[in-house]
Each structure stands twice: as C-alpha cells, then as structure tokens.
1. Identify all residues within the range 230-274 that are in a loop (DSSP other than H, G, I, E, B) and of a type in the set (Val, Ile, Thr); write none if there are none.
2. Test Ser124 against the stated conditions and say whether it is among the small types (Gly, Ala, Ser), touching a Pro at 6+ places or on another chain (Cβ under 8 Å) and assigned to a strand (DSSP E or B).
3. State which residue is nearest to Phe465 (Cα to Cα) when the search covers only the range 400-433 and only residues that are crowded, with 17+ Cβ neighbours inside 10 Å and among the acidic types (Asp, Glu).
4. Just to be sure before I move on: is His172 at pLDDT 85 or above and surrounded by fewer than 18 Cβ atoms within 10 Å (Cβ to Cβ) in the structure I sent?
5. Can you tell me which residue within the range 175-204, out of those that are of a type in the set (A, V, I, L, M) and in a loop (DSSP other than H, G, I, E, B), is modelled with the highest pLDDT?
6. Only one of Leu167, Leu216, Leu147 is buried (at least 23 other Cβ atoms within 10 Å of the Cβ) and hydrophobic (A, V, I, L, M, F, W, C); which?
7. Could you list, in sequence order, the residues of the range 373-397 that are modelled with pLDDT of 95 or more and under 30 Å from Tyr316 (Cβ atoms)?
8. Out of Pro312, Pro376, Pro381, which single residue is under 27 Å from the mean Cα position of the chain (by Cα) and over 21 Å from Gln450 (Cβ atoms)?
Amino acid sequence: MISISKIPLISSLLSPAVLFPTPQLCSHSHSLPSLFSSPSSYTPPSPPPQPNSLNSHYSTKLNIPIKPPSLVPTPHPHPHHHRHRQTLKSPVISGAFAGSGQYFISLHIGSPPQPLLLVADTGSDLIWVKCSACRNCSLHSTRSTFLSRHSSSFYPHHCFQSTCRNLVPHPHPNTCNHTKLHSPCRYEYSYADGSLTSGFFSQEIITFNTTTAQQLQFKDFNFGCGFHNSGPSITGGSFNGANGVMGLGRGPISFSSQLGRRFGNKFSYCLMDYTLSPPPTSFLVIGSEQNDVVGVNSKINFTPLLVNPISPTFYYIGIKSVYVDDVKLRINPFVWSIDELGNGGTIIDSGTTLTLLAEPAYREILTAFKRRVKLPSPAEPILGFDLCVNVSGGLSTSYPKLSFELVGGSVFRPPQGNYFIETSDLVECLAMQPINQESGPSVIGNLMQQGFLFEFDRDRSRLGFSRHGCAIP
C-alpha cells in the first residue's frame, strides 16, 4: 500500500508499505482482551475432531467454501419490488482530505450500526477494522474504532469452528483451549512490508444501501476485529483517516466474495481524481451489470483475469506490449509473464498508489519518456522518482501518451494525470517505480486507475474498464 497525498507527504508515498498479504506468519502473539461481560453470555460449540495438522499457510486455504452472509428480513411496503435485481452501493472517498493516497469505502457494522471508513484493497482478502473492547469508551470515537461491547450482534468465532481453522492465518503459538468457555478465533494477518493486524476473527451484521434506495442488513458477515495493528501500511501516513481494510481480493473471506455470490459475483468501482475539489461522487457497486453503470451505448473494454495458483488472492491481467506516443517499446514479453514459481505477472491493486513495473519494462518506459520530455529538471532531486520536471513556465504541460496493449486485444490508455503527478509546487514526476520480479508482481496502482470504471466479473473471469460512467450509477 504505497501511499500518496497531493504529495507534500512524500515520505509516506515512498514507504515500502504495499498491502500484499504474505503467506508466512509471524512467530509472536499478543494477549487479547476478553470481549464477554459474563461467562453465561456465550456457549462454545463442541470441539470437532482435530485435523492431522493445522496448516497455517493461509494461501493454501483460499478455495474452501464459506457460507455467505444472510439477508436480515425486513418489512417492505412493496412486496413485488424484490423481483427486480438489486445491487449494493457504497461511496468511494479519496483519502486526500486526510493526507492519504488511499481510497476509502464506508461500512456500517454492528447493532446499532457504527460507521467506519475502510481502505478499498483489491490486493488482499481479509476485511478488518480497528477494535476496542472498552467498557467506558469516552476516549474512543465511534467513527474511528469499532466498539465491540457496544454492539449486541458481535460474535467472535470459536477457535474450533471450521471457519476459524480453515480460513484465516493464526498466530504462533495458537492455543485453542478445549475446556475454556471463551476461546475465540485468533487471527494474525501480515503484509509484505511487515505490517500486521491481529485480533479475533468474528461475525457481525452490516448495513448497506441498495441502488433501489433501500437499506439491507446482512448477518453472519465475517471480519477481523483488530486489537493490535502495527507497521507502516496500516498505521503510517498512508493510513490517515482509515479505520481498517476492506479486502476485495478473490479469496472466500473477502468482501467481494462474501457478498458477491448474492449479487452476481461481480463488483465495480470508480476512483475519481484525488486533486478535484469538491470531490465528485462515485461508488463501489456490488452486483451491477456493466450496462447499468456505464450506459447501454457506452463502450466497455474487457481483458481476461488470469489465475496464479501461488497467489490466488490477486486479480492478474496480461500485458502484451507498451507504447509511448504510439511507438511500441522493445520489452521482452517474458517480462510480463508468470513463471513456474508464481513470480511476475501484473495485478490490478486499488490498495497501492503508484504503479510498480518489472525492472526491465520500467527502464524502457523511463528511457522513452526521458527522450521525449524536454522540460527542465527541478533544482533539487525528488527522492524516489527517476524523472521529475519543473513546470514553472506557466503553460499547460503536455506529456507523451502512454498505452498498454492487453491480452484479448483491448488497450488501456490512461490520461497523463494518471502517470505524472505534482509532488511539490511546480514540480511533476513520473508516478512509477521499478520492482524486482522476485519481490512481487507488477502493479497497476490506484493513481493509474483514476477516472476509469473497473468492473471485476468473477464468473466470466474478465476485467472491464471504461472512461464512461465514472460517476453516480
């Protein structure tokens, strides 16, 4: 989760905090609070037979089915209205107001509902929120922390439940008491930069608006109640304004998986330009047909979503070639491929701000831009950027056109504001960085996605994108 504001927060932009989950789990654990006011308030299920081994390598468990959240019945004045397809929607908010380069989704969780802002992250699966088990909660704002004791529907999974044993990574050692009444499911989820969230894997009721102006509630929604959260990705400047992470990845515990099966196994979003003020309205939409969002007469382009069995969380796409000013760059196609060890490839990640490209491809793109951009360099180099220019001339700046030819024949043509950003007054930089293919995949970050509607069609295993329909659905 490499972050940006508009970007005086250059140090947070260049932190190595990228929100990729890591399969290796940390070896330490924390003492976690008791969430129950009395032993009689909870009776654990009988322990099931122990498996031969508790494999805590979470990535091997991503194909295990999980029961989707149940719709809470509510009276409706128009009983026939349910014949029409419903979709869920929630506003997408730029974190620029808080100095963050992330995009936030509003989630109402608990009974009564507590509103929280979560980082929209297609590069991870777990949904988790900052939690407090406080009794006297005067020091906590209900809009900054989920107050578990203040919700009548909060329910931590028991550590013997299959949901706990099979779906989330656990701390080491992970004690699960056979006799203790309250032995909740402890999770520990780590990211590539060492950031870590740990707490209780739990269930709650969430409340959502629909595109038909209703409010729907879903029970049995699985999430992490995070009591210990550390590391630059989830506590530093990039996380300002956020109360947790909404994992939208392909695994069964992600937000899109838990709710998507009820709404067509599809979701879409639009990330609006973070520099616009006031920010335009856009939404995360769960279950929308692309024509509902984009409009029947608007063109949407598609490219296949690829699968990497080693990293099943991510939404991989295939890049065939890259063009600068319509000139094809000499990049070996192997640079974009996923090798037999699962390295390489390219993912779409809303939780990373800058675009990260495999080193050989990055160097070719950087060279092409340097040849064509004739503006003067700033007096002082900008840490972490290889190409920056001084735009003090007062004229509108025009940069070379960048385009990506994708598998399936579609072409992604971002506007120049998606790959050249203002890092300080009158200085603009190329918003890309190189990445070693063994360190992770190439990443199309959220800056590069601005102004496009992206539709993740999981049943058809394809990604749609369009410059149209990037507003109120």
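The values are calculated or read from the model by the stated rules, or taken from the named source; none is laboratory data. Just so you know, these numbers come straight off a predicted model, no measurement behind them. Because the Cβ atoms are built from the backbone with ideal geometry, glycine has one as well, and the counts that use them run over all protein chains shown.
1. The answer is Ile253, and nothing else.
2. no
3. Glu405
4. No.
5. That would be Ala192.
6. Going through Leu167, Leu216, Leu147 in turn, the sole match is Leu167.
7. Phe385, Asp386, Leu387
8. Matching residue, one of Pro312, Pro376, Pro381: Pro312.
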